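The values are calculated or read from the model by the stated rules, or taken from the named source; none is laboratory data. In this text, all values refer to a predicted model and were calculated from it rather than measured experimentally. Cβ placement follows ideal geometry from the backbone for every residue including glycine, while neighbour counts extend to all protein chains displayed. Surface accessibility is based on the protein's heavy atoms, side chains included, excluding ligands, DNA and RNA. Shrake-Rupley method; radii C 1.70, N 1.55, O 1.52, S 1.80 Å.
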Amino acid sequence: GTKKKAACPGLGLFYTILSAFLFSVASLFLKKIEDIHSVEVSAFRCVFQMAFVLPGLIYYKTGFLGPKGKRIFLFFRGFLGSTAMVLLYYAYQVMPLADATVITFTSPVFTSLLAWIFLKEKYSLWDLLFTLFAITGVVLIARPPFLFGSRVTGLEGSYSDHLKGTVAAIASTLSAASTIVILRKVGKSVHYFLSIWYYAVIGLIGCVIALFVLNEWRLPHCGKDRVFLILIGLLGLGGQIFLTKALQIEKAGPVSIMKTMDVVFAFILQVLFLNHLPTWWTVGGALCVVASSSGTAIRKWRHSVKKAKQREI
């Protein structure tokens, strides 16, 4: 319910920056792993999530299935959330780190659109403008040949891989936006730990089935990749914890704006550790996407503040 007062000013925003940094470093380690499918990495991440959530479920006595009327929503939250993770990890592996990170920041824009369609929330001309900005940013990053010509520069591998990564990142963003809409639909009737539990369990089951179908299950060949797998799980878990703590003591609007540091860290890590300079097209696309996501966050923030004042009156 109520937001707790921060022990010191800016603590919530500091937690947000720390969360963004941990997520970005986890993405960097994912790029460094060799010959391990994104589905297998996702399976390891789900195992870490389950190990973290299980004690919480026992402590809060939430049960493992949740309320009967909410189980179908929790199932789709888990399925779409884990799908978003697998697709995002695949995008990180086949395209530049900064490009994939920028595309994920279109999530708030698509969340507003899906909430308008399924939850009948207000969708204004400003929201439409931010959606167009986000689409423009994605086009600048994808750089389809029919608009930019056949010679596309600044890619890590082939344009085919770049296009597959772009499609995967967009699909991941839409899946993530869908999970947020589902969580809004469920409201506060389901404990946060239970939501993560469904995410981890369904994700692990789906990943194991996919690995057997694809015949991609293999242990890392070297100790370095095994360490990277463990660190990806720990860093992803840490990033989720600090983001949750930030939202507990700070308003969602400032947290959403500060979370754009993900993009900054992605550009820095890509240049320092992957020796891949972003193109001006990527920078332009990043500016469009960050502007659209920040604008959406600011509008939602102002709207929530206005509603709070009206309730007080």
Inset, instruction - Look at Trp217 and say whether it is touching a residue at least 24 places away in the same chain (Cβ under 8 Å) and buried (at least 21 other Cβ atoms within 10 Å of the Cβ). - result: no
Inset, instruction - From the list Gln310, Gln240, pick out the single residue that is among the polar types (S, T, N, Q) and without any contact (Cβ under 8 Å) to a residue 40 or more places away in the chain. - result: Gln310
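Of the residues Thr282, Thr260, which single one is of a type in the set (Val, Ile, Thr), touching a residue at least 12 places away in the same chain (Cβ under 8 Å) and touching an Asp or Glu at 6+ places or on another chain (Cβ under 8 Å)?
Details: Thr260 fails: touching an Asp or Glu at 6+ places or on another chain (Cβ under 8 Å).
Step by step, each of Thr282, Thr260 is checked, and only Thr282 is of a type in the set (Val, Ile, Thr), touching a residue at least 12 places away in the same chain (Cβ under 8 Å) and touching an Asp or Glu at 6+ places or on another chain (Cβ under 8 Å).
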Inset, instruction - Just one of (1) without any contact (Cβ under 8 Å) to a residue 12 or more places away in the chain; (2) of a type outside the set (D, E, K, R); (3) crowded, with 20+ Cβ neighbours inside 10 Å trips up Ser24, so point out which. - result: (1)
Inset, instruction - State which residue is most open to solvent (accessible area, probe 1.4 Å) when the search covers only the stretch 69-87 and only residues that are aliphatic (A, V, I, L, M) and farther than 14 Å from Tyr192 by Cβ. - result: Ile72
Inset, instruction - Could you identify the single residue in Ile241, Ile232 that is of a type in the set (A, V, I, L, M), in contact with a Phe, Trp or Tyr (Cβ under 6 Å, 6 or more places away or on another chain) and open to solvent by less than 70 Å² (accessible area, probe 1.4 Å)? - result: Ile232
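Residues in the stretch 105-115: is at least one in a helix (DSSP H, G or I), open to solvent by 20 Å² or more (accessible area, probe 1.4 Å), over 18 Å from Asp262 (Cβ atoms) and not small (Gly, Ala, Ser)?
Checked against the condition, which is being in a helix (DSSP H, G or I), open to solvent by 20 Å² or more (accessible area, probe 1.4 Å), over 18 Å from Asp262 (Cβ atoms) and not small (Gly, Ala, Ser), the stretch 105-115 yields at least one hit.
Any idea which residue in the stretch 122-136 is surrounded by the fewest Cβ atoms within 10 Å (Cβ to Cβ), counting only those that are of a type outside the set (A, V, I, L, M) and over 22 Å from the mean Cα position of the chain (by Cα)?
Of the stretch 122-136, the ones of a type outside the set (A, V, I, L, M) are 122-124, 126-127, 130-131, 133, 136.
Those left that are additionally over 22 Å from the mean Cα position of the chain (by Cα): 122-124, 126.
Details: Lys122: 9, Tyr123: 15, Ser124: 12, Trp126: 13.
Ranking the qualifying residues of the stretch 122-136, first place goes to Lys122.
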Legend entry - Residue selected from the stretch 42-68 under the condition assigned to a helix (DSSP H, G or I) and of a type in the set (Phe, Trp, Tyr), by the criterion surrounded by the fewest Cβ atoms within 10 Å (Cβ to Cβ): Tyr59
Legend entry - Scope the stretch 32-76; condition closer than 25 Å to Leu235 by Cα and without any contact (Cβ under 8 Å) to a residue 12 or more places away in the chain; matching residues: Ala51, Pro55, Ile58, Tyr59
Inset, instruction - Give, as residue ranges, the helices (runs of 4 or more DSSP H) completely inside the stretch 191-305 that count at least 3 residues that are at pLDDT 85 or above. - result: 192-214, 223-249, 261-273
Inset, instruction - Could you grab me the full set of residues in the stretch 183-206 that are farther than 22 Å from Gly56 by Cα and open to solvent by less than 60 Å² (accessible area, probe 1.4 Å)? - result: Gly206
